[in-house]
1. Give the ranking of Glu98, Glu112, Glu17 by solvent-accessible surface, highest area first, calculated with a 1.4 Å probe.
2. For Arg172, what accessible surface area do you get with a 1.4 Å probe? Give it in Å², rounded to 10.
3. Compute the FRET efficiency between Lys21 and Ser198 as 1/(1 + (r/R0)^6), taking r as their Cβ-Cβ distance and R0 = 35 Å, and round to the nearest 0.05.
4. Write down the accessible area per residue of region 53-200 in Å², having rolled a 1.4 Å probe over the full set of protein chains.
5. Using a 1.4 angstrom probe and counting only protein chains, how large is the accessible area of Leu82 in Å², to 10?
6. So how exposed is Ile90, as accessible area in Å² (1.4 Å probe, rounded to 10)?
7. Based on alpha-carbon centroids, what's the gap between region 113-137 and region 167-181 in Å, whole number please?
8. Could you put Leu147, Leu130 in order of accessible surface area, largest first, with the 1.4 Å probe and the full protein assembly present?
Amino acid sequence: MDACCENKSGELALLRERQAKVLYVVLAINGIMFLFEFIAGWVIGSTALLGDSLDMFGDTTVYALTLYTLHRSNRERAAASLVKGGFMLIFGVAVIGEAVYKSVAGAAPTAEAMGIVGLIALMANSICFLMLYRFRSDDINMRSTWLCSRNDLIANTGVIIAAVLVGATQTRWPDVVIGMIIAGLFLHSAWRVLGEASREWRGSDPRAIKAGDEGSESVEKHDTCQQSSCCR
């Protein structure tokens, strides 16, 4: 039993170490891209770019929370995912508010600059997506992190499409519409992350675990390695 549990613990430690290395890199990329895209979106006057930059800021917070909970319990990781879902929800509502304001009072952004910034952001997020892809099924914490990265790619593609349409129509409406679509994506993902994290939170309730452990005590005596909390 001891050898079994020691092997499992060693494998878990190596997994957490690999996850941490990746998360530090994507954290740095998203922090830099948030500043770059926010300043560019403000100067250009693009709702889609501002929305995408807010997503970058949200992701930077998400990755920091993921690193904080990396070596902690399932319940603490579920709590972090609840916070992530809350951030995604807030940013989705914020982008919708910006899009509504822009539809009432605002001029068309510069299409060429919009497209260039969107392309740079797409390249940066593609790197993050590929780095996170193999960790997407590890746990709820890494899955919610990967979902954020996937959303970034969709949002970046939307910004580029909006830039092309703004250039073709010379109006602000493609920028506003794409901004709304990005916001809808945030809200949908926030709902998924909050739902999964809530189930994980309830499932890791210490009182429920204690009751389950007491009920399965006789079974554990017959299968100590498989039922050991260490091996799990």
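The values are calculated or read from the model by the stated rules, or taken from the named source; none is laboratory data. As the structure is a computational prediction, the values presented were derived from the model and not from experiment. With ideal geometry, Cβ positions are generated from the backbone for all residues, glycine too; neighbour counts draw on all protein chains shown. Note: accessible area is taken over every heavy atom of the protein model, side chains too, but ligands, DNA and RNA are not part of it. Shrake-Rupley method; radii C 1.70, N 1.55, O 1.52, S 1.80 Å.
1. Ranking Glu98, Glu112, Glu17 by accessible area, largest first, yields Glu112, Glu17, Glu98.
2. Only protein atoms counted, so the area is about 60 Å².
3. Calculated value: 0.75.
4. With the other protein chains kept in place, region 53-200 gives 43 Å² per residue.
5. We get 50 Å² for Leu82.
6. 110 Å²
7. 22 Å
8. Leu130, Leu147
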